[in-house]
Each structure stands twice: as C-alpha cells, then as structure tokens.
Amino acid sequence: SASEQTFIAVKPDGVQRGLIGDIISRFEKRGYKMVAAKMVSPSKEHLEKHYEDLKEKPFFTGLVTYMLSGPIFAMVWEGRDACKTGRAILGATNPLASAPGTIRGDYAIDVGRNVCHGSDGVESAKKEIDLWFKPDEVAKYKNAQFDWIYE
Ligand code: DAT
Ligand code: MG
C-alpha cells in the first residue's frame with residue numbers, strides 16, 4: 001500500500017561525506033514521502049539491538065564500532081513498496097556489487113563503509129522504526145503531490 005514505511009539511515013561516513021542531502025533527494029524525487037528525520041548519536045546498546053540478527057557474524061564488533069564513529073541521520077520514508085524499492089535505491093550491501101545509479105554504487109567501495117542503511121522488509125522496518133523513533137516523532141500528512149505520483 002502507499003502507506004508502507006521503511007527505516008532509512010545515513011551512516012557516520014555518509015554524514016561526514018556530506019551525502020545527507022543527496023540521499024534525501026533521491027527518495028524525494030522518486031516520490032516517497034519523508035515522515036520522520038533526526039540526527040542522532042545512539043548508544044552501543046542501541047546499535048547492538050539494531051543489528052542483533054548479525055551478532056554472531058565475525059564483522060559484528062567492527063560494524064558496531066563504525067556505527068558509533070559519528071552521528072547518524074535517521075529517517076522514515078513512506079510510500080508504495082517503500083522497503084523493497086528503498087533497498088533498490090541503496091544498492092547491494094557490498095558496494096563493489098552495487099549498480100551505478102544506486103547510492104552505494106555511486107558513492108562507496110568498502111562493505112564496511114557503505115554509507116546508508118535500509119530495512120530489508122516490512123517486519124524489520126516496523127521493529128527498526130520502533131527502535132529509532134517515538135510514535136509522536138513520525139508525522140501523518142498527505143503529500144500535496146500524492147495524486148501526481150499515484151494513479
Ligand atoms: P544491509 O545493510 O544491506 O541490510 P546486512 O544487514 O547483511 O546488509 O549487514 C548490515 C551491515 O553489516 C552492512 O550494511 C555492512 C556490514 N556487513 C555486512 N556483511 C559484511 C561483511 N561480509 N563484511 C563486513 N561487513 C559486512
Ligand atoms: Mg540489513
């Protein structure tokens with residue numbers, strides 16, 4: 001439905017490299033609606049919870065250290081198929097496999113510096129939005145462009 005939501009974040013490298021505006025623009029221009037955004041410096045515990053499914057992976061410690069290395073720009077984007085299409089806008093996890101035209105395919109090389117995060121499905125999006133945002137931080141509004149984007 002047009003109200004599907006996904007959690008998208010600009011990781012510390014993306015913030016430092018000045019990519020927030022470009023990443024917002026790509027989602028805006030595609031037709032997605034921003035319903036929440038904030039600059040945050042979450043705790044180690046918060047980031048370990050965010051990546052809890054990966055806690056057994058050999059790269060987990062390095063991943064959490066990287067995510068703690070600076071502020072993160074956290075967002076919620078809404079629109080039809082937002083999770084799947086959001087992942088397509090980001091590109092493959094390993095930037096060397098990401099197509100040009102995707103965020104990672106345009107701006108990254110190393111999997112450990114891949115600039116952005118996006119929920120991998122509707123269920124994980126719900127969990128992540130719940131972890132990163134309070135309910136009153138997520139706006140409800142109709143975008144004036146709605147009828148020009150959806151048939
Ligand atoms: P994604 O971020 O595309 O959802 P993921 O959930 O599998 O990918 O992994 C989360 C992050 O962990 C990923 O963005 C970068 C890091 N990562 C994944 N696989 C890795 C690997 N093989 N080596 C190092 N870091 C990795
Ligand atoms: Mg993931």
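See the values below:
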| quantity | calculated |
| --- | --- |
| Reduced Cα scattering model of the chain, Debye log10 I(q)/I(0), q = 0.11, 0.15 Å⁻¹ | -0.40, -0.75 |
| Gyration tensor (alpha-carbon) shape descriptor, the range 76-151, a/c threshold 1.5 | oblate |
| Highest average packing first - 21-27, 81-87, 110-116, Cβ atoms within 10 Å | 81-87, 110-116, 21-27 |
| DSSP-defined antiparallel bridges as percent of all bridges, the chain, nearest 5 | 95 percent |
| Estimated 222 nm signal from helices in the chain, with DSSP H stretches of n ≥ 4 weighted -39500 (n - 2.57), rounded to 500 | -10500 deg cm²/dmol |
| Degrees between helix 122-132 axis and first principal axis of the chain (Cα, 0 to 90, nearest 10) | 70 degrees |
| On Cα atoms only, tilt of 20-30 relative to the major axis of the chain in degrees | 40 degrees |
| Given Lys49/Lys84; Lys29/Lys55; Lys11/Lys142; Lys33/Lys57; Lys29/Lys57; Lys57/Lys126, the pairs whose alpha carbons are separated by over 32 Å | Lys29/Lys55; Lys33/Lys57; Lys29/Lys57 |
| 12 Å Cα-Cα reach of Lys38 towards aspartates and glutamates, excluding residues that sit fewer than 8 places from it in its own chain | Glu137 |
| With all protein chains modelled, accessible area of Ser124 [1.4 Å, Å²] | 30 Å² |
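The values are calculated or read from the model by the stated rules, or taken from the named source; none is laboratory data. Computed from a predicted model, the values in this text were never measured in an experiment. Cβ atoms come from the backbone with ideal geometry, glycine included; neighbour counts cover every protein chain shown. Accessible surface areas use protein heavy atoms only, side chains included; no ligands, DNA or RNA. Shrake-Rupley method; radii C 1.70, N 1.55, O 1.52, S 1.80 Å.
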